[in-house]
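Chemist: Starting off with a structure, shown below.
The values are calculated or read from the model by the stated rules, or taken from the named source; none is laboratory data. Nothing here was measured: the structure is a model prediction, and the numbers come from that model. With ideal geometry, Cβ positions are generated from the backbone for all residues, glycine too; neighbour counts draw on all protein chains shown. Ligands, DNA and RNA are excluded from the accessible area calculation, which covers all protein heavy atoms including side chains. Shrake-Rupley method; radii C 1.70, N 1.55, O 1.52, S 1.80 Å.
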Amino acid sequence: MTATAQAPDIVSPEFEADPYSAYRTLRKDFPLLWHEPTKSYIISRYEDVERAFKDQVFTTENYDWQLEPVHGRTILQMSGREHSVRRALVAPAFRGSMLEEKFLPVIERNSRELIDAFRGAGSADLVADYATRFPVNVIADMLGLDKADHPKFHRWYTAIIKFLGNLTQDQQIIEDGLRTRDEFAAYMLPIIRERRADPGDDLLSVLCEAEIDGTRMSDEDIKAFCSLLLTAGGETTDKAIASMFRLLLAHPEQLAAVREDRSLIPRAFAETLRYAPPVHMIMRQPAEDVTLSGGTIPAGSTVTCLIGAANRDENRFADPDSFNILREDLAAKNAFTAAADHLAFALGRHFCVGALLSKTEIEVGVGQLLDAFPDMRLKEGFTPTEGGVFTRGLDALPVEFTPHTS
């Protein structure tokens with residue numbers, strides 16, 4: 001360790017302003033750091049975070065206190081047969097024929113409706129007018145919920161994300177999260193009971209009717225999964241869409257390549273997830289003492305895995321602080337599977353069940369935006385800035401383009 005190095009504080013204003021400089025210091029000098037304010041061990045090197053996601057000694061028991069108070073008990077907390085059965089009940093909706101045949105038209109329609117609302121204006125904020133609305137509208141449509149309730153969904157998932165990232169245990173954030181849990185349950189449980197009695201052609205009905213080896217999801221299981229789906233599907237995809245356009249607009253030659261060859265969209269998305277992941281940290285809890293770079297973590301401790309740091313590890317990625325959609329050390333074909341090179345969706349048995357849904361939304365949305373606005377450019381004089389610690393993204397991305405009336 002260098003004599004002058006000082007450990008960065010992940011809850012400081014300086015860290016939020018520039019986490020990537022702090023990540024370099026952590027990887028180099030503090031690969032294992034006890035962080036007193038969050039009562040957790042922080043790990044930042046790729047090899048350590050990768051192991052925390054893949055090695056079964058690292059459990060998700062931390063979600064008992066981190067997630068369950070606002071979501072209810074979700075598949076993220078489960079292990080063994082309970083986890084495998086619950087995942088098998090929900091996974092078919094997010095891959096293969098059901099995604100392609102049933103939900104791809106939903107995704108295409110929702111993107112088109114949002115674009116149509118501003119295609120004649122000559123300008124738009126891609127965050128407020130598109131990115132924050134698109135994935136939540138898709139999920140609401142998939143579940144057969146009323147899109148007119150979008151403001152509620154957005155308020156709820158924003159409150160839940162703040163609860164999950166409440167590293168300083170702010171009491172108001174806790175109260176908002178618990179109130180959201182009650183409001184969401186009061187909204188969803190009657191709808192779930194209606195779908196059980198009279199199933200439709202939507203994802204909520206599919207979840208109500210799904211059965212494996214005599215096991216079906218309870219009303220509470222379904223409510224918790226819908227809460228998780230709205231939060232994870234909304235917060236992460238909206239930030240990824242905005243970040244991807246920010247980065248492409250800042251690299252005109254790469255934007256031109258994607259315009260010319262739309263098969264590059266998944267590569268651009270994968271590189272965005274590596275370079276500017278929507279979720280910068282995920283917690284785990286080891287079931288026994290475990291030794292990583294820098295020392296040993298005691299059993300039962302909370303471990304804060306810094307995805308944002310691991311994805312920029314110079315020992316894993318060449319020139320990691322450069323955005324390059326054609327980089328050779330990030331395999332696009334694996335980028336949306338549990339064998340991904342980036343860590344934005346985690347890895348292993350708790351790899352994000354909605355990764356392919358997110359990929360499909362990005363392919364459709366980015367493709368339609370590029371088609372609609374071939375001369376899209378960042379608003380003159382505007383400098384995009386990221387914010388956030390637990391999740392990180394843009395508050396605004398104003399763009400200009402030639403208006404179209406048809």
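Chemist: Between E253 and E380, what length comes free when the chain is fully extended (0.36 nm per residue of separation minus the Cα-Cα distance, one decimal in nm)? All intermediate terms of the calculation are to be shown ahead of the outcome.
Modeler: Numbers: separation 127, 0.36 × 127 = 45.72 nm, distance 1.89 nm.
Result for the pair: 43.8 nm of gain on full extension.
Chemist: Given labels modelled 7 Å from the Cα in the Cβ direction, how far is it in nm from I174 to E16?
Modeler: 1.9
Chemist: Follow-up question, since we're still on this one. At a Förster radius of 25 Å, what calculated FRET efficiency corresponds to the Cβ-Cβ distance of T25 and D289, to the nearest 0.05? If you can, show how the numbers build up before the last one.
Modeler: Numbers: r = 26 Å, r/R0 = 1.05.
It comes out at approximately 0.45.
Chemist: Can you give me the solvent accessible area of W65 with a 1.4 Å probe, rounded to the nearest 10 Å²?
Modeler: Surface accessible to solvent at W65 totals approximately 130 Å².
Chemist: Which order, highest average first, do 368-376, 106-114, 226-234 follow once you tally other Cβ atoms within 10 Å for each residue and take the mean per peptide? Kindly include the intermediate steps, with their values, before the conclusion.
Modeler: Details: 368-376: 15.7, 106-114: 18.6, 226-234: 24.1.
Answer by packing, highest mean first, reads 226-234, 106-114, 368-376.
Chemist: Could I ask something else about it? Rounded to the nearest 0.05, what FRET efficiency do R109 and A299 give with R0 = 56 Å and r taken as the Cβ-Cβ distance? Could you check? Write down the numbers at each step before the final one.
Modeler: On the way: r = 50 Å, r/R0 = 0.89.
Given R0 = 56 Å and the Cβ-Cβ separation, E is 0.65.
Chemist: Give the lysines reachable from K147 as a straight Cα distance under 29 Å; neighbours fewer than 8 places away on the same chain don't count.
Modeler: K102, K162, K223, K239, K359
Chemist: Further question on the same structure: Go through segment 3-39 and name the trypsin sites (Lys or Arg not before Pro) that are in a DSSP coil and have 12 or fewer other Cβ atoms within 10 Å of their Cβ. Please report the intermediate quantities before stating the final value.
Modeler: Working: sites: R24, R27, K28, K39; in loops: K39.
Within segment 3-39, the qualifying trypsin sites (Lys or Arg not before Pro) (loop, at most 12 other Cβ atoms within 10 Å) are K39.
Chemist: Also, quick follow-up: Of all the accessible heavy-atom surface of segment 215-366, with the other protein chains kept in place and a 1.4 Å probe, what percent is carbon and sulfur?
Modeler: Summing carbon and sulfur atoms, their accessible area is 51 percent of the total for segment 215-366.
Chemist: Follow-up. Tell me, what is the FRET efficiency for D149 and E101 to the nearest 0.05, using R0 = 25 angstrom and their Cβ-Cβ distance as r? Write out the running numbers ahead of the final one.
Modeler: On the way: r = 26 Å, r/R0 = 1.05.
With R0 = 25 Å, the Cβ-Cβ based efficiency is 0.45.
Chemist: Testing the spin-label approximation: label points 7 Å from Cα along Cα→Cβ at R262 and D64. State their distance in nm.
Modeler: Between R262 and D64, the label points sit 4.9 nm apart.
Chemist: Ok, one more. So how far apart, in nm, are the two label points at V85 and A396 if each is 7 Å from Cα heading toward Cβ?
Modeler: Result for the modelled spin labels: 5.2 nm.
Chemist: Return the calculated 222 nm mean residue ellipticity for the chain, to the nearest 500 deg cm²/dmol, obtained by summing -39500 (n - 2.57) across DSSP H runs with n ≥ 4 and dividing by the residue count.
Modeler: Working: 16 runs with 192 residues, N = 406.
Roughly -14500 deg cm²/dmol at 222 nm, from the helical runs in the chain.
Chemist: While we're looking at this one, here's another question. Return one whole number: the accessible area per residue of the chain in Å², for a 1.4 Å probe.
Modeler: Values: 16530 Å² over 406 residues.
Solvent-accessible surface per residue comes out at 41 Å².
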